[in-house]
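**Q** Let me begin by handing over the structure; questions about it come next.
The values are calculated or read from the model by the stated rules, or taken from the named source; none is laboratory data. This is a predicted model, so every value here is computed, not measured. Every residue, glycine as well, gets a Cβ built from its backbone with ideal geometry; the counts of neighbours run over all protein chains shown. With ligands, DNA and RNA removed, areas are computed over all heavy atoms of the protein, side chains included. Shrake-Rupley method; radii C 1.70, N 1.55, O 1.52, S 1.80 Å.
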Amino acid sequence: MGVTVDVHQVYKYPFEQVVASYLRKYPNPMDKNVISVKIVEEKRDVSTGIIYRKRIAICQNVIPEMLRKVSILKVPSIQLEEESWLNPQERNMAMRSHCLTWTQYASMKEESVFRESTENPNCMVCQVVPCPHPGFEPANLRLPRSRMCELNTAPPGQPLPLAF
């Protein structure tokens, strides 16, 4: 049995700001469930410029205490693995994450694609792709055009540097 969700989100901010925010969002004092995030692998493909990152997040176990009576659920923390492929030249980023804890019993996966809106370059479109998604090729994304971003509401000022 599986559950899939297909979500589209428009961020009315420039590419650099959205991607930098996503890559630096955890840990933060607003979400105390994410204890730590560690980059375990990072490399740049010299021919394409694509930056690959693999991170491991340690999160507090938020399963209700009633369910933790089952011994396999009684763990203090959960590990998540996140991989990302950032293509600064084509201005898109793909992310794939999955749970490393309890993999012998269940799986949780998420695939997200961030790309610049074709209608407004000051907006970013994020699509959470249904999983499992056979043939997911993060480095070669060609997404359909979206009509979700209609207004330029990005704040005025200088673009953020590509500090990914």
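**Q** Determine if the range 54-65 includes at least one residue that is open to solvent by 40 Å² or more (accessible area, probe 1.4 Å) and charged (D, E, K, R).
**A** Yes, the range 54-65 has at least one match.
**Q** If I filter the range 37-53 down to residues being within 12 Å of Gln79 (Cβ to Cβ) and open to solvent by less than 90 Å² (accessible area, probe 1.4 Å), which single residue comes out as nearest to the chain's Cα centre (by Cα)? Break it down into steps so the answer makes sense when it comes.
**A** Going through the range 37-53, the residues within 12 Å of Gln79 (Cβ to Cβ) turn out to be 37-38, 40.
Filter once more, so that each one left must be open to solvent by less than 90 Å² (accessible area, probe 1.4 Å): 37, 40.
Details: Val37: 13, Val40: 16 Å.
Among residues in the range 37-53 that are within 12 Å of Gln79 (Cβ to Cβ) and open to solvent by less than 90 Å² (accessible area, probe 1.4 Å), the one nearest to the chain's Cα centre (by Cα) is Val37.
**Q** For the list (1) at pLDDT below 90; (2) within 20 Å of Thr103 (Cβ to Cβ), I need the number of the one condition that Lys32 fails.
**A** (2)
**Q** Can you tell me which residues in the range 14-36 are assigned to a loop (DSSP other than H, G, I, E, B) and open to solvent by less than 60 Å² (accessible area, probe 1.4 Å)?
**A** First, pick out the residues of the range 14-36 that are assigned to a loop (DSSP other than H, G, I, E, B): 14, 24-27, 29-30, 32-33.
The one that is assigned to a loop (DSSP other than H, G, I, E, B) and open to solvent by less than 60 Å² (accessible area, probe 1.4 Å): Pro14.
**Q** Please tell me if Trp102 is at positive phi, of a type in the set (Phe, Trp, Tyr) and in contact with a helix residue (DSSP H, G or I) (Cβ under 7 Å, 6 or more places away or on another chain). Don't jump to the end; show me each part of the working.
**A** Details: at positive phi: yes; of a type in the set (Phe, Trp, Tyr): yes; in contact with a helix residue (DSSP H, G or I) (Cβ under 7 Å, 6 or more places away or on another chain): yes.
So Trp102 fits the description; yes.
**Q** Looking at the range 87-105, I want the residues that are within 18 Å of Arg55 (Cβ to Cβ) and in contact (Cβ under 8 Å) with a residue 60 or more places away in the chain and have a partner that is among the basic types (Lys, Arg) and part of a strand (DSSP E or B) with Cβ atoms under 8 Å, at least 6 apart or on another chain. Which pairs are those?
**A** Here the result reads Met93/Arg115, each pair linking the range 87-105 to a residue that is among the basic types (Lys, Arg) and part of a strand (DSSP E or B).
**Q** Right, Arg91: modelled with pLDDT under 50, among the basic types (Lys, Arg), open to solvent by 30 Å² or more (accessible area, probe 1.4 Å) and farther than 30 Å from Val70 by Cα or not? First the steps, then the outcome.
**A** Values: modelled with pLDDT under 50: no; among the basic types (Lys, Arg): yes; open to solvent by 30 Å² or more (accessible area, probe 1.4 Å): yes; farther than 30 Å from Val70 by Cα: yes.
No, not satisfied.
**Q** Given the structure, is Glu81 acidic (Asp, Glu) and open to solvent by 50 Å² or more (accessible area, probe 1.4 Å)?
**A** On the way: acidic (Asp, Glu): yes; open to solvent by 50 Å² or more (accessible area, probe 1.4 Å): no.
No.
**Q** Quick one: count up the residues across the range 39-66 that are among the acidic types (Asp, Glu), at pLDDT 90 or above and over 18 Å from Pro88 (Cβ atoms). Before the answer, list the steps.
**A** Step one: filter the range 39-66 for residues among the acidic types (Asp, Glu), giving 41-42, 45, 65.
Right, trim to at pLDDT 90 or above and you get 41-42, 45.
In the following step, the residues that additionally are over 18 Å from Pro88 (Cβ atoms) were identified as 41.
The total comes to 1.
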